[in-house]
Every structure is written in C-alpha cells, then in structure tokens.
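Starting off with a structure, shown below.
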Amino acid sequence: MLIQQDLGREYYSLGRDEVLGRIAARKAELADKLLILCHHYQQQDLFQFADLTGDSLKLSREAAQISDREFLIFCGVHFMAEAADILAASHQKVMLPHLHAGCPMADMATTGAVEQAYKELLLAGIMADEKDMVPVTYVNSSAAIKAFVGEREGSVCTSSNGEKVLQWALKKGEKVFFFPDEHLGRNSAAALGVPDEQVLLWRRGEVLGGHSVEDLQQAKILLWDGYCEVHMRFLPEHISQWKIKEPDINIIVHPECPRDVVSIADQYGSTEAIIAAVAASKPGSKWAVGTEINLVERLAMQHPDKEIHLLAPTTCQCTTMDCNQPVYLLWLLDNLAAGKVKNQITVSPEIAANAKKALEQMLAI
Ligand code: SF4
C-alpha cells in the first residue's frame with residue numbers, strides 16, 4: 001500500500017529557484033552513481049534534470065544498459081518504476097520521487113479481479129483450458145498483472161506495437177483477453193479489421209463481465225474496462241472544431257483515446273511516434289495533439305517554427321505523475337547524499353521472473 005510522505009517544514013518553505021538550484025547541485029555531487037529518468041508527461045521543472053527521457057519501456061530498457069549507476073530515480077509513475085526494477089541489474093535501486101505517483105488505469109486491473117474473470121470464464125465453459133484465452137497486457141499495468149500474463153504465456157504490448165502483439169495472440173489462441181486499457185485494445189483490434197461484434201467489453205463487477213455465454217462464445221477479443229483519465233478527455237467534436245477553424249491542421253492522437261476520436265484523427269501513435277511526426281513535419285505546419293499537456297507544451301517549445309496546440313480546450317494533465325514535484329526529487333537526492341535510500345520500488349523475484357517472461361515475449365514478437 002502506498003503511504004503519504006511528509007518531507008517536513010524545511011522543504012515546504014523552499015522557493016522554486018532554491019529547489020531547482022539545490023537539485024542541480026545534488027545531481028552534480030551524485031553524478032557517478034545517479035541516473036534520472038523522465039517520462040515525456042513530466043513537468044519541465046523535472047524534465048530539465050533528466051539523463052534519459054522517453055516512454056516507460058524505452059526508459060527502463062536504456063537504464064538497464066547503464067549498469068554502473070546505482071541509483072535510478074524514475075520521474076514517472078509506479079508501474080514504470082516497477083518495470084525499471086524488473087529490468088535493472090541486482091545492485092541498482094529504483095526510486096520514485098513521490099509514492100502517490102501511480103497510474104489510475106494500471107490500478108483498474110488488479111490480479112484478484114483478473115483471476116476471478118478467468119475463473120468465471122472457465123466455469124461457464126467459454127474456455128476449456130486457460131491456454132485458450134491468451135492474455136495481453138499493455139505495459140501500463142502492474143508488475144503483478146504482467147506476471148499473471150507471463151505465467152500464462154501471454155505478452156506485454158506498448159502503444160506502438162499493440163496491433164502486432166494482438167495479431168500474434170489471435171494466432172496463438174482461440175480468444176484474447178486484453179488488459180487494462182479498453183481503448184488501446186479496441187483501436188488495435190479495429191486496425192487489424194476484427195469485426196466490432198467479436199470485441200466485447202468486460203465490465204468489472206458484473207457476472208461474466210455483463211455478457212451472455214453465447215456472446216462470449218462468439219467473441220474473439222475481451223477488453224478489460226480500464227481507461228486513461230487523461231486521454232478520455234479528448235472528444236470527436238474537438239477534432240471537428242479544429243478542422244473548421246484551421247482546415248490544414250494535422251490532428252494526431254494517442255491510441256489510449258477512445259475509438260471515435262482515433263478513427264477520425266489524421267494520425268495516431270505512441271508518445272514517441274507523436275514526437276517523431278511533429279519533428280519530421282515542415283516548418284509552418286500546424287498540429288493539434290491529443291495527449292498529455294506537458295508533452296504538448298514541450299513540443300511547442302521545441303518547435304517554435306510550427307504551430308502546436310493541445311487538441312482539447314481544457315488542460316489534460318496526468319495529475320498522479322504530477323505528484324512528482326521538484327521538492328520531492330530534492331528530498332530524495334538529499335537523502336541519497338546522506339546515504340539513505342527512500343521510496344525504493346522493488347518487485348519480488350517470483351513476480352519479476354514471470355513479468356519478465358511477458359516482456360521478453362513482446363520482444364520476441
Ligand atoms: S497519462 Fe494515463 S496511462 Fe499514462 S500514467 Fe497518466 S493516467 Fe496512466
């Protein structure tokens with residue numbers, strides 16, 4: 001269970017400039033031992049201190065290559081730090097600046113609920129054996145869910161390879177259960193041309209996910225009903241409003257957005273794909289981007305020769321990731337300088353071994 005962390009008055013009374021200045025000094029002092037990893041959705045005040053930037057899996061994989069750094073501070077959310085711990089060398093310690101930095105979508109799929117769903121499907125005769133239902137989990141899931149998937153010879157996927165992994169899973173078994181993001185699953189299924197009636201949403205808390213035995217027997221893909229609160233805020237009308245106002249604007253969205261948004265966008269792709277598409281566009285080009293606001297604002301800052309807007313008129317921020325305020329990073333660094341490791345994220349060896357199987361399966365695909 002995550003607990004609140006109280007830094008004490010000495011930290012809460014510090015001004016922004018002092019916090020940033022002290023982080024820079026601590027970072028220089030700990031340089032040989034420290035690696036700061038920053039996700040694209042993190043605020044600029046932290047991002048400026050990153051040694052590595054990227055999406056969650058890219059960061060974990062790159063960090064694991066730099067084995068001479070003992071302390072990995074992951075400015076991201078809990079499941080990302082878990083993935084880094086799974087891939088890191090045994091002497092490396094992974095930490096989060098704030099323990100409340102979790103991913104609500106990852107938390108929507110617990111092992112208890114997922115195991116219960118599998119039990120119900122077995123009892124109802126939808127599958128004769130667990131092997132008939134190939135589990136696929138988005139990397140935005142807990143280590144325990146990745147382990148559940150690895151144990152059953154399924155695979156992890158990312159927002160850039162969802163279609164490929166789903167295609168592999170559909171060949172491997174009769175049916176696929178996709179966790180925890182309904183929308184990445186639905187967008188990937190649509191891209192593969194799987195008919196809508198063969199894709200069912202498993203509603204947590206309802207018997208057999210809210211479906212009849214017959215409907216479940218017909219289905220090819222079951223989608224867990226998880227979602228990202230940030231990407232759910234983008235709507236089809238945002239796209240039509242931009243197209244009326246700026247007919248030549250390019251609309252690009254993340255595949256965690258709902259199907260009705262992704263289906264009418266000009267392009268969709270992972271955070272890395274969005275960054276690459278904007279970077280490769282001609283000077284003067286216009287973009288409305290459907291993803292987290294810190295990334296969109298950074299793109300606008302990095303490409304002053306292009307016009308870059310957030311797709312929605314209201315702020316779409318990952319508020320849990322934003323728990324990682326600079327003062328918490330400073331507190332973590334001060335403790336490291338004093339020889340104390342705080343907020344370490346560890347995954348048990350058994351869960352790590354099975355989760356790694358699911359990650360390796362994705363790499364093999
Ligand atoms: S943006 Fe959405 S999916 Fe990503 S960490 Fe935040 S809540 Fe989770």
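The values are calculated or read from the model by the stated rules, or taken from the named source; none is laboratory data. This structure is a prediction, so every number in the text was calculated from the model and none was measured. Positions of Cβ are generated from backbone atoms using ideal geometry, with glycine treated the same way; all protein chains shown enter the neighbour counts.
Looking only at region 39-78, how many residues end up being within 16 Å of the ligand (Cβ to nearest atom), crowded, with 23+ Cβ neighbours inside 10 Å and free of Cβ contacts under 8 Å to residues at least 60 places away in the same chain?
Selection size over region 39-78: 2.
Output the residues belonging to region 177-221 that are farther than 14 Å from Val165 by Cα and within 16 Å of the ligand (Cβ to nearest atom).
Pro180, Asp181, Glu182, His183
Select from region 265-276 the residues that are of a type in the set (S, T, N, Q) and touching a residue at least 40 places away in the same chain (Cβ under 8 Å) and list them in ascending order.
Selection gives Ser270, Thr271.
Among Ala352, Ala300, Ala337, which is closer than 19 Å to Tyr268 by Cα and of a type in the set (A, V, I, L, M)? Don't jump to the end; show me each part of the working.
Details: Ala352 fails: closer than 19 Å to Tyr268 by Cα; Ala337 fails: closer than 19 Å to Tyr268 by Cα.
Ala300 is the lone residue from the list that is closer than 19 Å to Tyr268 by Cα and of a type in the set (A, V, I, L, M).
Checking Glu163 against (1) within 16 Å of the ligand (Cβ to nearest atom); (2) over 13 Å from the mean Cα position of the chain (by Cα), only one condition comes out false. Which one?
Against the list (1) within 16 Å of the ligand (Cβ to nearest atom); (2) over 13 Å from the mean Cα position of the chain (by Cα), Glu163 comes up short only on (1).
How do the strands (runs of 3 or more DSSP E) wholly within region 128-220 filter down when requiring 2 or more residues that are more than 25 Å from Val230 (Cα to Cα): which remain?
On the way: elements: 133-138, 155-157, 175-179, 199-202.
Result: 133-138, 175-179.
Test Ser270 against the criterion of being within 16 Å of the ligand (Cβ to nearest atom), of a type in the set (S, T, N, Q), closer than 23 Å to Val176 by Cβ and not assigned by TED's automatic domain parsing to the domain that holds Val199, and give yes or no.
On the way: within 16 Å of the ligand (Cβ to nearest atom): yes; of a type in the set (S, T, N, Q): yes; closer than 23 Å to Val176 by Cβ: yes; not assigned by TED's automatic domain parsing to the domain that holds Val199: yes.
So Ser270 fits the description; yes.
Next up: Going by the conditions given, is Thr137 modelled with pLDDT of 95 or more, within 16 Å of the ligand (Cβ to nearest atom), in the same structural domain as Val176 (by TED's automatic domain parsing) and of a type outside the set (Lys, Arg)?
Values: modelled with pLDDT of 95 or more: yes; within 16 Å of the ligand (Cβ to nearest atom): yes; in the same structural domain as Val176 (by TED's automatic domain parsing): yes; of a type outside the set (Lys, Arg): yes.
Judged against the criteria, Thr137 is a match.
For region 159-197, which residues satisfy the criterion of being in contact (Cβ under 8 Å) with a residue 60 or more places away in the chain, out of contact with any Lys or Arg (no Cβ under 8 Å at 6 or more places or on another chain) and closer than 15 Å to Glu256 by Cα?
The first filter runs over region 159-197 and keeps only residues in contact (Cβ under 8 Å) with a residue 60 or more places away in the chain, leaving 159-162, 164-165, 168, 177, 179-181, 183-184, 186-188, 190.
Add one more test, that the residue is out of contact with any Lys or Arg (no Cβ under 8 Å at 6 or more places or on another chain), and what stays is 159-162, 164-165, 168, 177, 179-181, 184, 188.
Selection gives Ser159, Ser160, Asn161, Gly162, Phe179, Pro180, Asp181, Leu184, Ser188.
If you don't mind, there's one more thing I want to ask. Among the residues of region 79-97, is any within 16 Å of the ligand (Cβ to nearest atom), over 23 Å from Asn161 (Cβ atoms) and either surrounded by 17 or more Cβ atoms within 10 Å (Cβ to Cβ) or not β-branched (Val, Ile, Thr) (or both)? Before the answer, list the steps.
Initial filter on region 79-97 (within 16 Å of the ligand (Cβ to nearest atom)): 79-84, 96-97.
Of the ones still in play, those that are also over 23 Å from Asn161 (Cβ atoms) are 96-97.
Of the ones still in play, those that are also either surrounded by 17 or more Cβ atoms within 10 Å (Cβ to Cβ) or not β-branched (Val, Ile, Thr) (or both) are 96-97.
There is at least one residue in region 79-97 that is within 16 Å of the ligand (Cβ to nearest atom), over 23 Å from Asn161 (Cβ atoms) and either surrounded by 17 or more Cβ atoms within 10 Å (Cβ to Cβ) or not β-branched (Val, Ile, Thr) (or both).
Any residue that is touching a Gly at 6+ places or on another chain (Cβ under 9 Å) and either surrounded by fewer than 18 Cβ atoms within 10 Å (Cβ to Cβ) or over 25 Å from Val156 (Cα atoms) (or both) - is there at least one of those in region 2-23? So that I can check it myself, show each step before the final result.
Taking region 2-23 as the starting set, the residues that turn out to be touching a Gly at 6+ places or on another chain (Cβ under 9 Å) are 2.
So of that shortlist, the ones also either surrounded by fewer than 18 Cβ atoms within 10 Å (Cβ to Cβ) or over 25 Å from Val156 (Cα atoms) (or both) come out as 2.
Yes, region 2-23 contains a residue that is touching a Gly at 6+ places or on another chain (Cβ under 9 Å) and either surrounded by fewer than 18 Cβ atoms within 10 Å (Cβ to Cβ) or over 25 Å from Val156 (Cα atoms) (or both).
For region 241-264, which positions are crowded, with 24+ Cβ neighbours inside 10 Å and without any contact (Cβ under 8 Å) to a residue 60 or more places away in the chain?
Val253, Val261
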